[in-house]
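Beneath this line is the structure, given in structure tokens, with notes to follow.
The values are calculated or read from the model by the stated rules, or taken from the named source; none is laboratory data. This structure is a prediction, so every number in the text was calculated from the model and none was measured. So basically every Cβ, Gly included, is an ideal-geometry build from the backbone, and we count neighbours across all protein chains shown.
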Amino acid sequence: MTKYIIITGGVVSSIGKGITSASIGRILRSYGLKVSAIKIDPYLNWDSGTLNPYQHGEVYVTYDSMETDLDLGHYERFLDVELPGIANITTGKVYKSVISKERKGDYLGACVQIIPHITDEIKLMIREANSLEDNDVVLVELGGTVGDIESQPFLEALRQLRNEEGKNNVMFVHVTYVPYLEAAKEFKTKPTQHSTKELRSTGISPDMIVCRSSSPIDDELQKKIANFCDVDERAVVNTPDASSIYEVPLVLDKNNVGSFIKNRINLNVEPDSSKLDEWRKVVKSLKIQSPTVKIGIVGKYVELEDAYISIRESLLHGAADVGVNLKIEYISSDVDNLDETVLNGLDGILIPGGFGERGFEGKLEAVEYAIVNQVPIFGICLGMHSMVTQFARRSGFDDANSTEFDKDVKYPVIDLMEEQKKVKQMGGTMRLGSYDCKLVKGTKTYATYSEGNGIFIGEDLIEERHRHRYEFNNEFRQSLQDAGLVLSGISPDDFLVEIVELPDHPWFIGCQFHPEFKSRPNRPHPLFASFIDASYKFSQRE
Ligand code: GLN
């Protein structure tokens, strides 16, 4: 029988509910349980695909082609699983499904209402997301903050779920923030008390309260929270800001969260801290202080680090694998002339994915700099488009461009994919999710996947996740190859160029897919590990 752990948030958003959920999951998984996770986003968008990265951070892509919230990335990295797209439930999906059922006549005669139709649909979606596998535990994280109008139907559905599944099979964890008031020189518990009261007004009493704070809070304060919020003292846990998100499972473990959960929902496991030793090793490897490798991410969403969160984490996994400390510089490509001095101290340059013309020329300048100065450079999706475009421009195709930015360009080296030409609707219509890619033997890319943690699903086949409409234009295949570009990864039907590289450069690889969605702290993606390794070597040059 599946047990449910439901995670709600209070006081403010962005306090790390996703990390808390993923960390609880990591502990239970280390005990040997099969754990899955669901994220509920109460907004009306059907998926995250049309959201601006500045608002919600990166759009995560699942293997089965769903554009989701970035918390699915945390779950996949901490639990080392691959989640289906239905693990991200939104108000948009719930209402769309209910309305289409109503149109089909499924509720004939009934007045369709939030309770019971919307709440039933929410419970159905939670159970469906869990039905694909036999999970021991499913984490259900409710996005936003308790008290938000749009969360209410979800809280009601979750309350009903507890009654239907049984109180011993469902527990609630409330994650709050305990602010430190500089003027009074003390932590304040009142916001936690209020948000717990707000949660209680929906009929839900939390079984555990995880208090986030900027620094550790003392036992007395935790007792006070337990008392005022009517929660077992052992179930008030403090997670102060950690130097690494990967430490949070260890902090929760120190507070005996695993055994509290085991007892609360009767899990058939023996909680034992030593079961997290593997994870401890991973965390230790992520803490190497020197030598430092400096990587510049040249993109246009640099003001919000969350916009490149999976890339940041993948670089970190790669650095731990190589045994170096990672320093990331976020460099805006949205400038008339990219100031070369900002690139000077870098050991490696990464050009991430993106959309729209703004910042594209800055990316091309970074590519040019990397070619001229032989600096390792890694291009992902639009980053690969930048590499191909700049390579073409310096190979005699003056003003080459992607038709994403110039429809009438003379040399359209990147062009809209054929099947995209008829697409009118924007949501969920890109080339999305996992596709196979054939690696060409004898290339650096092939060697990288073979020597690293690359997972071949066939003789020379890999699978990677995609999110794009534009693609290397096959009309330029021959001429760009003649100019020295190597096509090291191609779709199995030989139609789409998936990876390019330059043989006479220390590390110049661009890929059409997003390898950052498959990197794990315990299994760094080979392209990231190899890129960091090359960057480290570059930092050691005479
Ligand atoms: N804008 C480009 C495309 O649609 C690249 C997308 C991306 O970087 N994810 O093909």
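Listed values, structure above:
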| read-out | value |
| --- | --- |
| Residue in the range 449-468 that is basic (Lys, Arg), surrounded by fewer than 22 Cβ atoms within 10 Å (Cβ to Cβ), closer than 30 Å to Leu286 by Cβ and out of contact with any helix residue (DSSP H, G or I) (no Cβ under 7 Å at 6 or more places or on another chain) present | yes |
| Selection within the range 379-403 - in contact with a Pro (Cβ under 9 Å, 6 or more places away or on another chain) and either under 16 Å from Leu338 (Cα atoms) or within 15 Å of the ligand (Cβ to nearest atom) (or both) | Gly379, Ile380, Cys381, Leu382, Gly383, Asn401, Ser402, Thr403 |
| Unmet requirement for Tyr107, which otherwise passes all of (1) at positive phi; (2) in contact with a His (Cβ under 9 Å, 6 or more places away or on another chain) | (1) |
| Criterion: more than 16 Å from the ligand (Cβ to nearest atom) and at pLDDT below 95 - qualifying residue of Gly484, Gly452, Gly428 | Gly452 |
| Condition met for Thr239 (surrounded by 19 or more Cβ atoms within 10 Å (Cβ to Cβ) and modelled with pLDDT of 95 or more) | yes |
| Test: residue in the range 414-422 that is farther than 27 Å from Ser332 by Cα, surrounded by fewer than 18 Cβ atoms within 10 Å (Cβ to Cβ) and touching a residue at least 40 places away in the same chain (Cβ under 8 Å) | yes |
| Single unsatisfied condition, Glu303 versus (1) under 19 Å from the mean Cα position of the chain (by Cα); (2) within 16 Å of the ligand (Cβ to nearest atom); (3) outside any helix (DSSP H, G or I) | (2) |
| Residue in the range 345-365 that is nearest to the ligand (Cβ to nearest atom), counting only those that are of a type in the set (A, V, I, L, M, F, W, C) and part of a loop (DSSP other than H, G, I, E, B) | Phe355 |
| Single condition Ala320 does not satisfy, out of (1) within 16 Å of the ligand (Cβ to nearest atom); (2) within 30 Å of Asp80 (Cα to Cα) | (1) |
| Residues of the range 32-80 classified as of a type in the set (A, V, I, L, M) and surrounded by fewer than 19 Cβ atoms within 10 Å (Cβ to Cβ), total | 3 |
| Single unsatisfied condition, Gln374 versus (1) farther than 22 Å from Thr341 by Cβ; (2) touching a His at 6+ places or on another chain (Cβ under 8 Å); (3) more than 12 Å from the ligand (Cβ to nearest atom) | (1) |
| Residues (among the small types (Gly, Ala, Ser) and in a helix (DSSP H, G or I)) located in the range 447-461 | Ala447, Ser450 |
| Test: residue in the range 523-534 that is within 16 Å of the ligand (Cβ to nearest atom), assigned to a strand (DSSP E or B) and at pLDDT 95 or above | no |
| Candidates Tyr330, Tyr411, filtered to the one that is surrounded by fewer than 22 Cβ atoms within 10 Å (Cβ to Cβ), within 27 Å of the chain's Cα centre (by Cα), away from the ligand (no atom under 16 Å from the Cβ) and not basic (Lys, Arg) | Tyr330 |
| Matching residues, the range 264-278, being surrounded by 12 or more Cβ atoms within 10 Å (Cβ to Cβ) and part of a helix (DSSP H, G or I) | Arg264, Ile265, Ser273, Lys275, Leu276 |
| Failed item in (1) surrounded by fewer than 24 Cβ atoms within 10 Å (Cβ to Cβ); (2) farther than 23 Å from Glu150 by Cβ, with Ser23 passing the rest | (1) |
| Among the residues listed as Glu471, Glu464, Glu498, Glu516, the single one being assigned to a helix (DSSP H, G or I), within 16 Å of the ligand (Cβ to nearest atom) and in contact (Cβ under 8 Å) with a residue 40 or more places away in the chain | Glu516 |
| Every pair of residues 6+ apart whose Cβ atoms lie under 6 Å, when the first sits in the range 348-361 and is in contact (Cβ under 8 Å) with a residue 12 or more places away in the chain while the second is within 9 Å of the ligand (Cβ to nearest atom) | Ile351/Gly383; Pro352/Ile380; Pro352/Gly383; Gly353/Ile380; Gly353/Cys381; Gly353/Leu382; Gly354/Leu382 |
| Sole exception among (1) within 16 Å of the ligand (Cβ to nearest atom); (2) modelled with pLDDT under 95; (3) hydrophobic (A, V, I, L, M, F, W, C) for Val342, by number | (1) |
| Within the range 367-387, tally of residues that are in a helix (DSSP H, G or I) and either crowded, with 24+ Cβ neighbours inside 10 Å or in contact with a Lys or Arg (Cβ under 9 Å, 6 or more places away or on another chain) (or both) | 10 |
| Odd one out for Ala319 among (1) assigned to a helix (DSSP H, G or I); (2) surrounded by fewer than 17 Cβ atoms within 10 Å (Cβ to Cβ); (3) under 25 Å from the mean Cα position of the chain (by Cα) | (2) |
